[in-house]
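Below: the structure, in structure tokens.
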Ligand code: SF4
């Protein structure tokens, strides 16, 4: 599999926030989010950096592709005594569905709990991996801030709502009974009410009981500004007109200055 990095930290986003986790970051992504904090994962990685000791911030470099057994061993070493949460992130993990399935199955067999963080557009790939996933964290991308790699750089690309709805349907109907699922929507100053309302309409008719996490963008790199707290409250109210479980959760790891 092509990986960018493996390290230990604490999950900083979404409904699993606060749980210690090993992160396995896949290389390669076909989207270009304006706020992306992982731009070096856009292309498959030449080498994978692997943290030596959990939380040390010191890394060894492994050549790609990385073998399944080596990844499993590294995750177990970073977990220490207790198998716990493993976050499969990117890049976009679902561009490598066979690797995700094999890795998740091996780690679950040793007691780990698998969180899949995905851009939420690869419905067919999700169907292939979902049996081995314990928590699906799917993004809902807004065209005001996100385009595909293949889209023209100028102008607003087509909305992602249809592909997201198809993905959500697979996540809702194809998952085991005990698999958890939430939708995460990153809000920037450019995010518009009409596109957020359209996302909520799709979620309400496909999976009305699924939590929607509104995540204000964290200013860093090219992102200069976050939406105000008042704006976020307005959006919570807007989404609650259609959805029962709406949560406002910022990126806590960035507030703490950790990975
Ligand atoms: S989907 Fe994730 S990795 Fe890909 S561009 Fe967006 S934020 Fe970056």
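Quick notes
- Qualifying positions in segment 184-228 - free of Cβ contacts under 8 Å to residues at least 40 places away in the same chain, assigned to a loop (DSSP other than H, G, I, E, B) and surrounded by 20 or more Cβ atoms within 10 Å (Cβ to Cβ): 207
- Segment 126-143 - residue that is away from the ligand (no atom under 14 Å from the Cβ) and surrounded by fewer than 23 Cβ atoms within 10 Å (Cβ to Cβ) and, of those, nearest to residue 83 (Cα to Cα): 134
- Selection status of residue 231, over 20 Å from the mean Cα position of the chain (by Cα), surrounded by fewer than 16 Cβ atoms within 10 Å (Cβ to Cβ), more than 16 Å from residue 183 (Cβ to Cβ) and modelled with pLDDT under 95: no
- Test: residue 120 is part of a loop (DSSP other than H, G, I, E, B), closer than 22 Å to residue 96 by Cβ and either out of contact with any helix residue (DSSP H, G or I) (no Cβ under 6 Å at 6 or more places or on another chain) or within 16 Å of the ligand (Cβ to nearest atom) (or both): yes
- The set of residues in segment 98-109 being in contact with a helix residue (DSSP H, G or I) (Cβ under 7 Å, 6 or more places away or on another chain) and either without any contact (Cβ under 8 Å) to a residue 12 or more places away in the chain or away from the ligand (no atom under 16 Å from the Cβ) (or both) consists of 101, 102, 103, 104, 105, 106, 107, 108.
- Of all residues in segment 35-54 being under 30 Å from residue 188 (Cα atoms) and surrounded by fewer than 14 Cβ atoms within 10 Å (Cβ to Cβ), the one that is farthest from the chain's Cα centre (by Cα): 40
- Where residue 61 falls short, out of the listed (1) part of a loop (DSSP other than H, G, I, E, B); (2) more than 16 Å from the ligand (Cβ to nearest atom); (3) surrounded by fewer than 17 Cβ atoms within 10 Å (Cβ to Cβ): (1)
- For segment 234-259, a residue qualifies if it is out of contact with any helix residue (DSSP H, G or I) (no Cβ under 8 Å at 6 or more places or on another chain), part of a loop (DSSP other than H, G, I, E, B) and loosely packed, with under 13 Cβ neighbours inside 10 Å, and the qualifying residues are 244, 257, 258.
- The set of residues in segment 40-64 being out of contact with any strand residue (DSSP E or B) (no Cβ under 8 Å at 6 or more places or on another chain) and touching a residue at least 24 places away in the same chain (Cβ under 8 Å) consists of 44 alone.
- Against the test of being more than 21 Å from residue 17 (Cβ to Cβ) and out of contact with any strand residue (DSSP E or B) (no Cβ under 7 Å at 6 or more places or on another chain), the options 94, 121 yield a single qualifying residue, 121.
- Of all residues making up segment 14-39, the number that are away from the ligand (no atom under 13 Å from the Cβ), part of a loop (DSSP other than H, G, I, E, B) and touching a strand residue (DSSP E or B) at 6+ places or on another chain (Cβ under 6 Å): 1
- Residue selected from segment 162-181 under the condition outside any loop (DSSP other than H, G, I, E, B) and farther than 11 Å from residue 120 by Cβ, by the criterion farthest from the ligand (Cβ to nearest atom): 173
The values are calculated or read from the model by the stated rules, or taken from the named source; none is laboratory data. Here the structure is a predicted model, which means the values were calculated and not measured. Methodologically, a virtual Cβ is constructed for each residue, glycine included, from the backbone with ideal geometry; neighbour enumeration extends over all protein chains shown.
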